[in-house]
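Below: the structure, in C-alpha cells.
The values are calculated or read from the model by the stated rules, or taken from the named source; none is laboratory data. Source: prediction; values computed, not measured. Cβ sites come from the backbone with ideal geometry, for glycine too, and all protein chains shown count toward neighbours.
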Amino acid sequence: MADESGLGRSHSHEKPREKAGGLQARAEIVHQFHESEGYIIDVDNADPSKASGLRLAKDGHTVLIPQPSDDVNDPLNWSRFRKHLILFVVSFASFLPDYGSATGAVTLIPQAEEWGITPDEVNHSQAGNVFMLGAGGVVVVILSAFFGRLPVVFWFLLASTATAAWCAGATTYESFMAARILNGFFSTVSQAGGLMFIKDIFFFHQQARKINIWASFIIISPYMGPLLTAFMTETQRWPVPFWVFFAMNVLGLALVIFFLDETYYDRAIPADEQPPRGSRLARLTGAAQWKSRHLRNTFAQACWRTVSVLLKPIVALSCVFYAFTFAWAVGINTTLAIFVTPLYGFGPRQIGFFYFTPIVAVVLGEVTGHWLHDALARQYIRRHKGHFEPEVRLRAVFLAMPFVVAGLVLIGQCFENSWHYMATSVLWGMYVFGMMVTTVALSSYCLDSYPEASGEVSAWLNMARTLGGFIVSYFQVRWAEAQGTRLSFGIQGAVCAAATLIIIALLKWGKALRVWSGPLNFATT
C-alpha cells in the first residue's frame, strides 16, 4: 500500500517505463530522502544550498517532508481536524482485530463444554485467527497498492462485520472455526495498513506521535477483549461477547463510510493532471480508483512490492527482532488464566480486573512515547546540522528493553515462587510498557527508511508480531509445565536480551545496509 513512482507521465496519464535512476530521483523529490544523506529536517543548521526553496512548518525552520503540492485535494493540505478524524477512524478499526481475537481466549471453556470437545481443540480456532491477522495484512497491502486505500478498508471491514456475526451465531465448532479464520483475515485491514494513512496525511516531523497513537490502539486491544469478556461471561453465554464484537465492527464500518477518505495522492502528477476524485460513493466502493488504476501499480508490481521490501536487510532484521520480543506478549495473554487461576484462586471477575494492568501500561507507554521519540530525534538533529538518520529511532529500544527483560524474568519468578499477585501485575505491566515503546520505535524506523513502502513495512511488522504469537501460544503452557515458569520465562527474557544485538547491529551498520541494498525504485510513490 504505499507509494511508488512514475516521473514524466504524459498529459494523457500514460505511465512510461522509467530507468532506475529516474525513479530514484523522483523518490528523492517526493520524500527529500537520500540513502547516503538521510533527511534535512531543520534549516537553521543545514547547508543553505540544500535548504533553499523548501517549504517550512509554521515554526519557520522545520522542513515539511514530503513537500506538499498546491492542490487542495492533496491530503497533506487537509485541515488538522480532518486528518485527526481519519487517524481516529483508522486507529479504531485497528483496535478490532486483536480485540476480537483475544475475546475467544476467554470463551474457550464454555464453548468446549457446549460442543463436547477439549478447550485445547477450541483453541485451534484461536490460533487460526491469530495467524490470519498476519497473513491477511500482506494481501491488504497488495490490493491497496493496486486499487487504493479506501475501498480495501471498506470491503474488508464489511466482510469482517459479516464474519463477526457468523462467529456469534455459530452453533457448531466447525462453523465457528471457519468464521474465526475468515474474521482474522478480513479484520486486520487497518492494523496491517495503518502506516499508509499516517504517511499519506501527516508530515515527517509529525509521524512518530501519530504512530504512537495508532500503535496504542493495537497494543491495548488484546487486553480490552479479555477484560470485558471475563465480566460478560460471568452472567451471559459465550455468544454475547461476540455479538458485542459484531456491534463494534458495525460502528467501525459506519465510521469508515462517513469519515474515512482516499488518501493516496501522487505529488509527481501536476494538480491540473490529477485524475478525478469522483463521488464519495465511487471512492468508497473503488469505482473511482478503478478508472485511474493505470496511474498506480500493475497487479504484478503490487505483488512484487511486498516481496522486495522484505528482501531489504533492515526490514527483515526488524521483523526478526519484533517476532522474538513481541511473541511473548501473545503467549502470556492467551494463557494467563491457566497460570493465575490455580495459583491465586482467581475466577472470571478477578481475571478481568487483572487485565487493567496492561491497559494502564499501554497508556503510560503512549504518554512516554509522545515525548520520547521526538526528543531523541530533536537531540540528534541539533547535533548534526539539521540532518536526521532513521537509525536514531532505534535508540528508544534501549530504554524499553530493561522493562521487557526484567518483566519477563520476574513474572516467571512470581509464578514459580507464588509471589503476591500485585507483583505479577506490576511486572506484566513493565513488559507491556516496554513493548509499546518498542513498537513505535520499530515502526517509525522502517517507515523513515522506506517512506515509499509505508504499507509494506506495516504489513511485515504486523506479520512478525502475529506469527511469533501464533507459534508461542502452542507451547507456552507445556513449556512451563515441563521446565517450570522460572526457567521458561527466564529464557524468554534472555531471548529478548539477545535479540537486542540486532538493534545494536542496525545502529552500527543500518545505514550502510540501506546504502548497499539501494532504494526500492517502485513504480509509484
Taking the range 252-271 and keeping residues touching a residue at least 24 places away in the same chain (Cβ under 8 Å) and outside any loop (DSSP other than H, G, I, E, B) leaves 252, 253, 255, 256, 257, 259, 271
Against the conditions (1) under 30 Å from residue 467 (Cα atoms); (2) part of a helix (DSSP H, G or I), where does residue 282 fall short? Just the number, please. (1)
Out of the residues in the range 228-251 that are surrounded by fewer than 16 Cβ atoms within 10 Å (Cβ to Cβ) and either assigned to a loop (DSSP other than H, G, I, E, B) or of a type in the set (Val, Ile, Thr) (or both), which is modelled with the lowest pLDDT? 235
Those residues that are among the aliphatic types (A, V, I, L, M) and over 17 Å from residue 256 (Cβ atoms), I need them from the range 179-217; list them, please. 179, 181, 182, 195, 208, 211, 213, 215
Whether any residue in the range 205-227 is surrounded by fewer than 21 Cβ atoms within 10 Å (Cβ to Cβ) and without any contact (Cβ under 8 Å) to a residue 24 or more places away in the chain is what I want to check. yes
Is at least one residue of the range 120-131 more than 20 Å from the chain's Cα centre (by Cα) and among the hydroxyl-bearing types (Ser, Thr, Tyr)? yes
Counted residues in the range 391-404 being farther than 18 Å from residue 364 by Cβ and either buried (at least 21 other Cβ atoms within 10 Å of the Cβ) or touching a strand residue (DSSP E or B) at 6+ places or on another chain (Cβ under 6 Å) (or both) come to 4
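Here's the yes/no breakdown for (1) surrounded by fewer than 24 Cβ atoms within 10 Å (Cβ to Cβ); (2) assigned to a helix (DSSP H, G or I); (3) modelled with pLDDT of 90 or more:
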residue	(1), (2), (3)
437	no, yes, yes
459	no, yes, yes
480	yes, yes, no
487	yes, yes, yes
496	no, yes, yes
505	yes, yes, yes
513	yes, yes, yes
519	yes, no, no
Which count do you get for residues in the range 256-274 that are more than 12 Å from residue 150 (Cα to Cα) and surrounded by fewer than 18 Cβ atoms within 10 Å (Cβ to Cβ)? 4
Name, by its number, the condition in (1) under 22 Å from residue 195 (Cβ atoms); (2) under 20 Å from the mean Cα position of the chain (by Cα) that does not hold for residue 333. (1)
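Would you mind finding the one in 352, 345, 369 that is closer than 27 Å to residue 502 by Cα and at pLDDT 80 or above? Lay out the reasoning, then the answer.
Working: 352 fails: closer than 27 Å to residue 502 by Cα; 345 fails: closer than 27 Å to residue 502 by Cα.
369 is the lone residue from the list that is closer than 27 Å to residue 502 by Cα and at pLDDT 80 or above.
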Does residue 424 satisfy the condition of being among the polar types (S, T, N, Q), touching a residue at least 24 places away in the same chain (Cβ under 8 Å) and part of a helix (DSSP H, G or I)? yes
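Considering every residue within the range 141-150, establish whether at least one is farther than 22 Å from residue 465 by Cβ, among the hydrophobic types (A, V, I, L, M, F, W, C) and crowded, with 23+ Cβ neighbours inside 10 Å.
Here is the first cut: in the range 141-150, the residues farther than 22 Å from residue 465 by Cβ are 146-148, 150.
Subset that is among the hydrophobic types (A, V, I, L, M, F, W, C): 146-147, 150.
This time we only want the ones that are crowded, with 23+ Cβ neighbours inside 10 Å, so: 150.
Yes; the residues of the range 141-150 include at least one that is farther than 22 Å from residue 465 by Cβ, among the hydrophobic types (A, V, I, L, M, F, W, C) and crowded, with 23+ Cβ neighbours inside 10 Å.
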Looking at residue 198, is it in a helix (DSSP H, G or I), in contact with a helix residue (DSSP H, G or I) (Cβ under 7 Å, 6 or more places away or on another chain), at pLDDT below 95 and closer than 30 Å to residue 395 by Cα? no
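Considering 115, 78, which residue is more than 24 Å from the chain's Cα centre (by Cα), surrounded by 15 or more Cβ atoms within 10 Å (Cβ to Cβ) and at pLDDT 90 or above? Let's see the steps before the verdict.
Numbers: 78 fails: more than 24 Å from the chain's Cα centre (by Cα).
Only one candidate passes the filter, namely 115.
Okay, residues lined up against (1) crowded, with 19+ Cβ neighbours inside 10 Å; (2) closer than 29 Å to residue 441 by Cα:
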position	(1), (2)
157	yes, yes
167	yes, no
171	no, no
176	yes, no
188	yes, yes
192	yes, yes
201	yes, yes
Just to be sure before I move on: is residue 71 over 18 Å from residue 209 (Cα atoms) and in a loop (DSSP other than H, G, I, E, B) in the structure I sent? yes
Testing residue 404 on (1) closer than 30 Å to residue 230 by Cα; (2) modelled with pLDDT under 95, one condition comes back false. Which one is that? (2)
